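Heads up: the structure comes next, in structure tokens.
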Amino acid sequence: MDPVSEFLVDYKIPIGAWGKDFFEFLTDNFNTIFRAFSNGLNFLLEGMVDILLMMPPVVLALVIAGIAYLLQRSKPLALGVFLGLAFIINQDLWKQTVETLVLVVAAAAMSMAIGVPMGIWAAHKPKVYRVLLPVLDLMQTLPTFVYLIPVLTLFGLGNAPGLIVTIIFVIPTSVRLTHLGVTSVPTAIIEAGEAFGATKRQLLWKVELPSALPTIMAGLTQSIMLSLSMVVFAALIGAGGLGTEINRALGSRKIDLGLEAGLAIVILAIILDRATRIGVGGKK
């Protein structure tokens, strides 16, 4: 090793030690708060799963197909949703699918609830976006397993840490696409609104957001897809669902179980993607 490299190694910046000390400080002083939050979140998520599982699987599949029809006004889509869910029931993966569905919907909803306002704020304040940009890059490029360690330390095992990890991973997408949608609104439309005396709030709700809605909804679709991609990783810290089955199949080399659970995730992804698109054939 050359002298310069040896010098750099000898004076290594102790980022890892600083991070360890920071999380030890949090767990030593705020462990009760973190665990209470985790237990409350676990209670809500498990309660939602229990409520859905109280319904017969076929009835719930019909309800989901009906919701898909109401969102898209497409009978073929509703039929496809029901057939896809019927296949999952046939594979005896219904409970795991419901657990995954609750986790994904909760993660996507929370990510949009946080990311859309942040994206709007960043679109109106370029300086804010310049500050957010490296943070968003870090959140998207940091390996997923790195998220698991501190979240597991702070919140323990269960669905709650799985949800938190998923939200952290997904938020940058909703922020970026909301920012893109708002900043892409044609200047002529905004100027026309201002010419008619619209306030900033009216411009936001009646001009900018309607124009940016397709891009924002694309952010929702991407958030759902990314949430599903986190299912397998979230299972490593105690989150239930199809990810648990995939990890079990990987650990025991069960190709059949891996294929079944993988297909269930694919079907769920297609259903959520088609149901949350803005209209079929340009409607809506």
Exercise for review: Assess whether Q91 counts as being touching an Asp or Glu at 6+ places or on another chain (Cβ under 8 Å), over 22 Å from S223 (Cα atoms) and either open to solvent by less than 30 Å² (accessible area, probe 1.4 Å) or not aliphatic (A, V, I, L, M) (or both).
Suggested key: yes
Exercise for review: Tell me, yes or no, whether region 94-104 has at least one residue that is open to solvent by 90 Å² or more (accessible area, probe 1.4 Å), under 29 Å from I171 (Cα atoms) and not hydrophobic (A, V, I, L, M, F, W, C).
Suggested key: yes
Check your understanding: Restricting attention to region 181-191, does a residue exist that is open to solvent by 30 Å² or more (accessible area, probe 1.4 Å), part of a helix (DSSP H, G or I) and not β-branched (V, I, T)?
Key -> yes
Revision key, fill the gap. Among residues of region 1-19 being open to solvent by less than 90 Å² (accessible area, probe 1.4 Å) and not in a helix (DSSP H, G or I), the residue farthest from I164 (Cα to Cα) is D2
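Taking region 46-81 as the region of interest, how many residues are among the charged types (D, E, K, R) and surrounded by 13 or more Cβ atoms within 10 Å (Cβ to Cβ)? Spell out how you get there, then give the answer.
Narrowing region 46-81 to residues among the charged types (D, E, K, R): 46, 50, 73, 75.
Of the ones still in play, those that are also surrounded by 13 or more Cβ atoms within 10 Å (Cβ to Cβ) are 46, 73.
Adding up the residues that qualify gives 2.
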Practice item. Could you tell me whether any residue of region 82-98 is among the acidic types (D, E) and touching a residue at least 24 places away in the same chain (Cβ under 8 Å)? Key: no
Practice item. For L177, indicate whether it is in a helix (DSSP H, G or I), in contact with a Phe, Trp or Tyr (Cβ under 9 Å, 6 or more places away or on another chain), touching a residue at least 24 places away in the same chain (Cβ under 8 Å) and not small (G, A, S). Key: no
Practice item. Taking I278 as meeting all but one of (1) at pLDDT below 85; (2) closer than 23 Å to R176 by Cβ; (3) surrounded by 18 or more Cβ atoms within 10 Å (Cβ to Cβ), write down the number of the exception. Key: (3)
Review point. Is there any pair linking a residue in region 138-166 that is open to solvent by 20 Å² or more (accessible area, probe 1.4 Å) to one that is acidic (D, E), with Cβ under 7 Å and at least six apart or on different chains, and which?
Key: N159/E46
Review point. Which condition number does L157 fail, the rest of (1) more than 20 Å from F233 (Cβ to Cβ); (2) not in a helix (DSSP H, G or I) being met?
Key: (1)
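Could you look through region 218-236, keep only residues that are over 30 Å from V182 (Cβ atoms) and of a type in the set (V, I, T), and pick out the one that is surrounded by the most Cβ atoms within 10 Å (Cβ to Cβ)?
The residue in question is V231.
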Revision key, fill the gap. Restricting region 20-30 to residues that are free of Cβ contacts under 8 Å to residues at least 12 places away in the same chain and either open to solvent by less than 100 Å² (accessible area, probe 1.4 Å) or touching a strand residue (DSSP E or B) at 6+ places or on another chain (Cβ under 6 Å) (or both), the one nearest to N159 (Cα to Cα) turns out to be F30
Exercise for review: Under 8 Å between Cβ atoms, at least 6 apart or on separate chains: pull out the pairs that start in region 121-137 with a residue that is in contact (Cβ under 8 Å) with a residue 12 or more places away in the chain and end on any residue that is aliphatic (A, V, I, L, M) and exposed (fewer than 15 other Cβ atoms within 10 Å of the Cβ).
Suggested key: A122/V128
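The values are calculated or read from the model by the stated rules, or taken from the named source; none is laboratory data. Computed from a predicted structure; not experimentally measured. Neighbour counts are summed over all protein chains in view; Cβ atoms, including those assigned to glycine, are modelled from backbone coordinates with ideal geometry. To get the accessible areas, we keep the full protein, side chains included, count just its heavy atoms, and leave off ligands, DNA and RNA. Shrake-Rupley method; radii C 1.70, N 1.55, O 1.52, S 1.80 Å.
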